[in-house]
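The values are calculated or read from the model by the stated rules, or taken from the named source; none is laboratory data. The model shown is predicted, which means the values in this text are computed figures rather than measured ones. Cβ sites come from the backbone with ideal geometry, for glycine too, and all protein chains shown count toward neighbours.
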Amino acid sequence: MIFATGNRHKLRELRELLPGADLDPLPEGVQLPPEDGNSFAEIAMVKARTANAATGEAAVADDSGIEAAGLGGRPGIYSARFAGEGASDEVNLEKLLRDVAAAGDDRRAAYVCALAFIDEDGGEHVFEARCEGYLIEEPRGEGGFGYDPAFVPVATGAGDERTMSELSDAEKNEISHRGLAARKLAAHLGLKR
């Protein structure tokens, strides 16, 4: 199965989330199309179709991001380029925290993930999940990537104010949007977890 991503963090994470799946990276030279769909599911499916067409293999693709309630759900599908094309994770995070602070007191946010899967017979499936939480004012933690240093998930329980970057990989994988979507995909594939 080909994982249609150029993001090495996501590849490592999905390999951890789908033990037993033979997950290969996107082959050199295969270019993913621009992310210009209207939803996480639509963008993920276009990536999966591209990988499937280029390789003839079953393919899985992820599109994910963060939705800030105080920003009406932005950045959403624009999470990876919120501060502009080519912006680093740090620059995107700084912009998000600035914009949320300027918008008022609502710091609620959710990570959203859509995993699109095209099987060997061309069947198309989408598995979606959310991880609810809130954004803190100052980033903390060394792990994770993207918006993780400022996102506190509510799934860790009341009183636990660790960011996604402060959780162990196992803890993060248990509650994250990608972890929850991957469990749905694993169940579809009949993989043991």
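Laid out as a table, the results:
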item	result
Residue identified as small (Gly, Ala, Ser) and buried (at least 16 other Cβ atoms within 10 Å of the Cβ) among ALA87, ALA109	ALA109
Test: residue in the range 37-45 that is outside any helix (DSSP H, G or I), buried (at least 20 other Cβ atoms within 10 Å of the Cβ) and touching a helix residue (DSSP H, G or I) at 6+ places or on another chain (Cβ under 6 Å)	no
Some residue of the range 137-152 being assigned to a helix (DSSP H, G or I), touching a helix residue (DSSP H, G or I) at 6+ places or on another chain (Cβ under 7 Å), more than 25 Å from LEU71 (Cβ to Cβ) and at pLDDT below 95	no
Of the criteria (1) surrounded by 15 or more Cβ atoms within 10 Å (Cβ to Cβ); (2) under 12 Å from the mean Cα position of the chain (by Cα), which one LEU23 fails	(2)
Residue in the range 54-73 that is surrounded by the fewest Cβ atoms within 10 Å (Cβ to Cβ), counting only those that are farther than 23 Å from ARG15 by Cβ and free of Cβ contacts under 8 Å to residues at least 12 places away in the same chain	GLY72
Residue match in the range 16-26 (condition: part of a helix (DSSP H, G or I) and either free of Cβ contacts under 8 Å to residues at least 40 places away in the same chain or not aromatic (Phe, Trp, Tyr) (or both))	yes
Extreme residue, farthest from the chain's Cα centre (by Cα), among residues of the range 46-66 that are β-branched (Val, Ile, Thr) and part of a strand (DSSP E or B)	VAL60
Single unsatisfied condition, VAL100 versus (1) in a helix (DSSP H, G or I); (2) modelled with pLDDT of 95 or more; (3) closer than 16 Å to PHE40 by Cα	(3)
Qualifying positions in the range 26-45 - among the charged types (D, E, K, R) and more than 16 Å from the chain's Cα centre (by Cα)	GLU28, ASP36
Every residue from the range 154-193 that is of a type outside the set (Gly, Ala, Ser), touching an Asp or Glu at 6+ places or on another chain (Cβ under 7 Å), within 16 Å of LEU11 (Cα to Cα) and crowded, with 21+ Cβ neighbours inside 10 Å	ARG178
Failed item in (1) at pLDDT 95 or above; (2) under 24 Å from ILE2 (Cβ atoms); (3) in contact with a Gly (Cβ under 8 Å, 6 or more places away or on another chain), with ASP169 passing the rest	(1)
Condition met for GLU42 (modelled with pLDDT of 95 or more, closer than 29 Å to GLU137 by Cβ and among the acidic types (Asp, Glu))	no
Residue pairs meeting the criteria (Cβ under 8 Å; at least 6 apart or on separate chains; first on the phi > 0 side of the Ramachandran plot, in the range 135-154; second in a strand (DSSP E or B))	GLY146/ILE66
Tally of residues being at pLDDT 95 or above and charged (D, E, K, R) across the range 66-89	2
